[in-house]
Each structure stands twice: as C-alpha cells, then as structure tokens.
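Every number here is computed from the coordinates shown, using simple stated rules; none is lab data. This structure is a prediction, so every number in the text was calculated from the model and none was measured. Glycine also receives a Cβ, built like all others from the backbone with ideal geometry; neighbour counts cover every protein chain displayed.
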Amino acid sequence: MSFAELGLSDELLLAIKDAGYVEPTPIQQKAIPSVLMGRDILGCAQTGTGKTASFVLPMIDILAQSRAKARMPRAIILEPTRELAAQVSESFDRYRKHHKLSMALLIGGISLAPQEKQIERGADVLIATPGRFLDCYERGLLLLHDVKIFVIDEADRMLDMGFIPDVERIVRLLPKSRQTLLFSATILPEIRRLSDAFMNEPKEISVSPPTTTAQTIEQFLIAIDERNKDATLMQLIGQEDVQSAIIFCNRKKDVDSLARLLKKKGFDAAPLHGDLSQPKRMETLDTLRAGNLTFLVASDVAARGLDIPKVSHIFNYDVPVNPEDYIHRIGRTGRAGRAGRALMLVTPEEGEALGDILRMTGETIPWMSLEGHAAPEIDLAKKTKSGRRRGRGGSGRKSPPEKKAETAPSQKPKRSRSRQKKSQAPAKEQGGKAQPQPDEPDWQIPAFLAQPPALPAAPEAKRRKKD
C-alpha cells in the first residue's frame, strides 16, 4: 500500500516524498483513513512504528481548510516530556511545508514570552506538555472553544509520570464536539478508563503486542559483579563496532558520573537527564542527531519515542526496574529497518528484575561471556534483602551501626519525671503480686498553679454612726 491510497492530499504526499518515506507503516495504514473520517482512535503501538505520522499527517489535511484565530488553537497535541513535544513539532514542520499552517510549542524550562507571542499571533496546532499548557490557560492566554482535534500521545507514560489528573482536567476544558486520538505503547486499565470516560466509540487499533521487541535488534546479557560494571562496560565498548550509542542508567547521578568517566577515557560522551536545563538537553540531542556525539548517557527520560536515527548500540548499565522500560530503551536502535544491538549488564542483585523482563517478553536472551570476567550466578527469582535495585556504586555493604553514647559507670542518665513514670511498671514479687505504688500524679503542678493567688481583701464595711 502507498500513501496515495490513504486519501491524503497531493501537497501532503509531496512533503512525504521529500521526507524520504515510500510506504506507510501498519499503524499509519490503519489509523490515517479513520482519522480523516473523523473517528476517535485508541491506538496501541510500539515506539518506532511511525505512530506520530499517523495523527500528524491527517491532522494537517483536516486543518488546511481554514485558519486559526489569535489565542484560539484548533488542535492540541499533549506529550509527556519536553523532548517528545519538541520531536513532534519537528515532524509537524517537516510535513506542513506545503501548507500555511502555524504551530506553537509550549514546554517548560524555557522562557514563556516567545511562546506567548506565538499564541497571540494565532496557532493552528499547540504541541504541549500538560504543565505548561495549564499554566498558559490559567494566565488567560488560551481560548479553547474552537478545538477540533485533541491528541494524547504516550498515554501510558503520562500515567507513569502522574500526569493523568492534569490530562483529565484539560479534557474537561475542551468542547465536547471534538475528535480525540489516544496513543499508547500499552493499554493499561487506567488508560482504558480514560478512553471510556472521554472518547466517543473509539476505533481500537493495535499493530503489534506491546510486550515484544523489534526483530531487527540483537540482544545479549552479561552477568557481572557490581564492582566490575565500569571495567566490563569499557571492554564491551572496545570490542563492539559502535557508531552511535545510548547508555541507560537508572539514576541521574549515575548518568553524570558515567559520562565523566567516558570523557576521562577519551570517548565523546554527554549526559541527558531531567535535572539538566531544557536548552542543554535540546542541544545534546541535536548534537547526537547530527552525528557529532558518539555516546549519550541517559536516564529513562530519553527512552520513550525519541527518534534518533542511526543509533547502532544500546547499553543498559542497569537493569530497568519496570519491565516495560526495557522495550522502550532498546527501541532506540533497530529503527526504520536498520540492524541494532542491545547489551545489558546484570548483577546478582538485579536477577529478579531480569526475570520480570523475560517473563513479560516471553523471549530467551542469550548470555555473552567476556574474557577475563568470571560470570556470577544470576537467580531470576532472587530478591535483595533491602528490596531495592542497586545502581552504580552500590557495593551492597551496610554502613557500620552508629555507636551509642556511653555513660560513665558512676552516673545514670537523667530522665524527665514524666518519661520516668511511663517507663516504670509495677514490679512483681516472686509470689506474683504487684507491689503497690504511691499515689502520685505523673506530672508536677507548676508553682504558680499550686495555690490560687490570694484575692484582694474586701474593703471593711463602714459602720454607720448612730445619730
């Protein structure tokens, strides 16, 4: 099937051709005709399947028939992260090149003034994160009664990040006569509840099970001890033909420390996590896309939906705590039919998390042996004593117990009278009877309340003199 068979306009087909796309993906084949017909869509698709184009392309054709007014957008696209919002805006720019449609990107971390100017000029499409969108609405910058299309992208990620209450609030602000498109990598019960509450008989589209990995990705596991993680990672980087790679860590501080280590070893590396400023994060991603950065060390903020071409390798420095995150992490490679490799370091403490991933995917991932490294035993059902996943630097040693303050033998620690009384229980004699305790109050009456103050003496009545 070709894009021309989906009912798209000639101008849009030309933009698609300019972008280098020839055939629509399965999600695009199923979603685009229904969106053009005005149907609500509940789409379930893996990342990297082209779902962004499945709602952006028909949206452009629908909105091309009229123009937006100041502060009155006609379409809203909600994204869970700033990076995803920026990426969707790039896709919109790429496809609208032969149309006169305007767009405003509303994300936090940067100044609101330029975004406010875009809204004032009139934006056909708003691409926003929930927090910045509500901020603009509460400032009186948006009038929402002309919204025709509302898109909730990466809904399961919205749920993970706690944005569903904000999404529900935004939906209640929109006109009821609208078209709603909801896309998610997994359809969880909470997502189903959201769909039932705010969508009108949506057409459900699913192109692949959400728990499967792409066939173009070779996966390997490496069993190592925690203390050997850094050395093992360097050995893997040295023996693999890495063109461009993303290294995922569970914790932000591990991202920073590992990026510093790679730079110290002479590698071209940069960190990416939520504590960095938005301009810095966007600059790092642009550098990676341009091919000027070899290693991106990231937290899961970069795992969902980011389209970074030509990533040859994914290194999981830590086993992800949530099994679904494994699929999203390795989905950054093997995109658009390209081959990719995903390697994950596994310590004995992470065996349970690995078992969750294998049970979810139903796949058998081969173990890779490395010269000079003895592989420890990995128990897939084992739980750590503390119940926590250890990341970089966690040696598993317990900190020494704090020493209690020693008391001189001839002195006894002083306690307040109230605590002393509470800690004293009736002592029992050998016969089993408790010794009677003196009747005393368990608190001491303050001196100024011990006796009521003496009242002033009444003036002595004057005797009336007899005349």
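Which of the residues spanning the stretch 339-384 are of a type outside the set (A, V, I, L, M, F, W, C), under 20 Å from residue 242 (Cβ atoms) and surrounded by 14 or more Cβ atoms within 10 Å (Cβ to Cβ)?
Selection gives 340, 341, 373.
Of all the strands (runs of 3 or more DSSP E) wholly in the stretch 85-152, which have at least 2 residues that are surrounded by fewer than 22 Cβ atoms within 10 Å (Cβ to Cβ)?
Filter on the stretch 85-152 gives an empty set.
For the stretch 1-31, how many residues are over 13 Å from residue 49 (Cβ atoms) and touching a Leu at 6+ places or on another chain (Cβ under 7 Å)?
Count: 5.
Please give the strands (runs of 3 or more DSSP E) falling wholly within the stretch 171-234 in which 2 or more residues are farther than 22 Å from residue 37 by Cβ and among the acidic types (Asp, Glu).
Ranges flagged: none.
Quick one: count up the residues across the stretch 157-166 that are in a helix (DSSP H, G or I) and surrounded by fewer than 22 Cβ atoms within 10 Å (Cβ to Cβ).
Summing the residues that are in a helix (DSSP H, G or I) and surrounded by fewer than 22 Cβ atoms within 10 Å (Cβ to Cβ) in the stretch 157-166 gives 5.
Given the condition surrounded by fewer than 20 Cβ atoms within 10 Å (Cβ to Cβ) and either touching a residue at least 40 places away in the same chain (Cβ under 8 Å) or under 18 Å from residue 83 (Cβ atoms) (or both), answer yes or no: does some residue in the stretch 264-274 qualify?
yes
Wholly within the stretch 282-367, which strands (runs of 3 or more DSSP E) include no fewer than the required count, namely at least 3 residues that are of a type in the set (A, V, I, L, M)?
Qualifying strands (runs of 3 or more DSSP E): 295-298, 340-346.
Restricting to the stretch 311-341, give me the number of residues that are of a type in the set (A, V, I, L, M) and more than 18 Å from residue 222 (Cα to Cα).
Looking only at that region, the number is 3.
Looking at (1) of a type in the set (Asp, Glu); (2) in contact with a Lys or Arg (Cβ under 7 Å, 6 or more places away or on another chain); (3) over 30 Å from residue 309 (Cα atoms), can you tell me which one residue 166 breaks?
Result: residue 166 fails condition (2) only.
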